[in-house]
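Enquirer: Provided herewith is a single structure, encoded as C-alpha cells, for subsequent inquiry.
The values are calculated or read from the model by the stated rules, or taken from the named source; none is laboratory data. It should be emphasised that the depicted structure is a prediction, and the values quoted were computed from it without experimental measurement. Methodologically, a virtual Cβ is constructed for each residue, glycine included, from the backbone with ideal geometry; neighbour enumeration extends over all protein chains shown.
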Ligand SMILES: Cc1cc2nc3c(=O)[nH]c(=O)nc-3n(C[C@H](O)[C@H](O)[C@H](O)COP(=O)(O)OP(=O)(O)OC[C@H]3O[C@@H](n4cnc5c(N)ncnc54)[C@H](O)[C@@H]3O)c2cc1C
Ligand code: FES
C-alpha cells in the first residue's frame, strides 16, 4: 500500500497561460519512472482526495520530481500558489508506467513515436528522456491549441520533434495525427497521452502496430480501492473475473488493443 509523504517545493514557474512547472524534492523520486503519476494533496480539507498528476521529469540525482499541470479547478488552482520551501503532501509513486525494455525490443528500425495532446504532453517528456537514454530512436509529435506551446525545446534534446496546433499558428494545422501524416513519419510503435477522442483515433490509426496509451480520466482514491476509475478490457481480469481494469493500479498505461475506449 502506498503511503503519504511530505516533499518540499524547490521551484515553480508558469510555462504558458494556466500551465505550471513544479519541482518537488521528495524521496519517492528514487522509484519514479515515465508514465507513472503522484497524488498531490491540497491543504483545503474540503477537497480530501489527492489530485493525480503525471511525472514530467525525474532529476538526474533521483531526488526530485517535476510536475507540469494545467489549472483546471480548486486543487490545481491551489497548487499554482506553491512557493519555494513550501511543504506538499504526495501519495505515490502510483501506476504502472511504460516498459522501456519492451519498447526497446519493438522499436528496432523506425523508433517509438510519442504523441502528446494538451496536458498529455508533460508525461511524454520523461518517456522521451528514458527512451533516448536506452538508445531508442524517438520521434515526438506534440499537439497544442495554439501558439502557447510548452516543453517543446526540451523534447528536441531527446527526439526528432514536430508540432501540431488546432488553429494552425505553429506546425501542422490540426491534431497530432495530421502532423504525422503531413510529415510522412515512420514508426515501429506509438506511445500516447491526451484526451480520449485523440486516444481513440490513435488506437485506430495504429492498426497492426503496437500502441500504448495513458488514460488520464477521472480518478478518486488512486490506489485501487474505490473502483472509481475502471476501464473495459478485452480480457477477463484474473483477480476480479470481469472485463475491467483499474486505471490507477493496472494503468494508467495500457496496450491500446487491450482496452475498450
Ligand atoms: C493518471 C492521471 C494523470 C494526470 N496527469 C496530469 C498532468 O500531468 N497534468 C495535468 O494538468 N493534469 C493531469 N491530470 C488531470 C488532473 O488530475 C486534473 O486536472 C485535476 O485533478 C483537477 O483537479 P482540480 O481540483 O483542479 O479540479 P476540479 O475542481 O476537481 O475539476 C475542475 C474541472 O476539471 C475537470 N477534471 C477533473 N479531473 C479531470 C481529469 N482527470 N481529466 C480531465 N478533466 C478533469 C472537471 O471535470 C472540472 O471541469 C491527470 C489525471 C490522471 C487521472
Ligand atoms: S481511483 Fe479508486 S480504484 Fe482507481
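Enquirer: Evaluate segment 56-76: report whether one residue or more is at pLDDT 95 or above, farther than 30 Å from residue 160 by Cβ, assigned to a strand (DSSP E or B) and in contact with a strand residue (DSSP E or B) (Cβ under 9 Å, 6 or more places away or on another chain).
Expert: no
Enquirer: With respect to residue 81, determine if the residue is within 20 Å of residue 19 (Cβ to Cβ), out of contact with any helix residue (DSSP H, G or I) (no Cβ under 7 Å at 6 or more places or on another chain) and within 16 Å of ligand 2 (Cβ to nearest atom).
Expert: Taking the combined requirement at face value, the residue does not satisfy it.
Enquirer: Just the residues that are closer than 14 Å to residue 130 by Cα and either surrounded by 22 or more Cβ atoms within 10 Å (Cβ to Cβ) or within 16 Å of ligand 2 (Cβ to nearest atom) (or both), please, taken from segment 33-77.
Expert: Result: 34, 35, 36, 55, 56, 57, 58.
Enquirer: Further question: Check off (1) more than 12 Å from residue 7 (Cβ to Cβ); (2) touching a helix residue (DSSP H, G or I) at 6+ places or on another chain (Cβ under 6 Å) for residue 92 and give me the number that stays unchecked.
Expert: Exception for residue 92: condition (1).
Enquirer: Follow-up. Regarding residue 111, is this residue within 15 Å of ligand 1 (Cβ to nearest atom), assigned by TED's automatic domain parsing to the domain that holds residue 185 and touching a helix residue (DSSP H, G or I) at 6+ places or on another chain (Cβ under 9 Å)?
Expert: no
Enquirer: Does residue 6 satisfy the condition of being surrounded by 15 or more Cβ atoms within 10 Å (Cβ to Cβ), within 19 Å of residue 222 (Cα to Cα) and either modelled with pLDDT of 95 or more or in the same structural domain as residue 125 (by TED's automatic domain parsing) (or both)?
Expert: Against the criterion (surrounded by 15 or more Cβ atoms within 10 Å (Cβ to Cβ), within 19 Å of residue 222 (Cα to Cα) and either modelled with pLDDT of 95 or more or in the same structural domain as residue 125 (by TED's automatic domain parsing) (or both)), residue 6 does not qualify.
Enquirer: From (1) assigned to a helix (DSSP H, G or I); (2) on the phi > 0 side of the Ramachandran plot, pick out the condition that doesn't hold for residue 128.
Expert: Status for residue 128: all satisfied but (2).
Enquirer: Considering segment 146-166 alone, what residues qualify as being under 17 Å from the mean Cα position of the chain (by Cα) and within 16 Å of residue 20 (Cα to Cα)?
Expert: 149, 150, 151, 152, 154
Enquirer: Output the residue which, of all residues in segment 88-102 that are crowded, with 19+ Cβ neighbours inside 10 Å and within 16 Å of the chain's Cα centre (by Cα), is farthest from ligand 1 (Cβ to nearest atom).
Expert: 98
Enquirer: Here's something else I'd like to know. Output the helices (runs of 4 or more DSSP H) that fall wholly within segment 169-261 and possess 1 or more residues being more than 16 Å from ligand 2 (Cβ to nearest atom), or say none.
Expert: In segment 169-261, 176-182, 196-206 are the helices (runs of 4 or more DSSP H) which contain 1 or more residues that are more than 16 Å from ligand 2 (Cβ to nearest atom).
Enquirer: All but one of (1) out of contact with any strand residue (DSSP E or B) (no Cβ under 6 Å at 6 or more places or on another chain); (2) within 11 Å of ligand 1 (Cβ to nearest atom); (3) touching a residue at least 40 places away in the same chain (Cβ under 8 Å) hold for residue 85, so report the exception by its number.
Expert: (2)
Enquirer: Only one residue in 206, 179, 201 is more than 30 Å from residue 90 (Cα to Cα), out of contact with any helix residue (DSSP H, G or I) (no Cβ under 9 Å at 6 or more places or on another chain) and surrounded by 15 or more Cβ atoms within 10 Å (Cβ to Cβ). Which one?
Expert: Residue meeting the stated conditions: 179.
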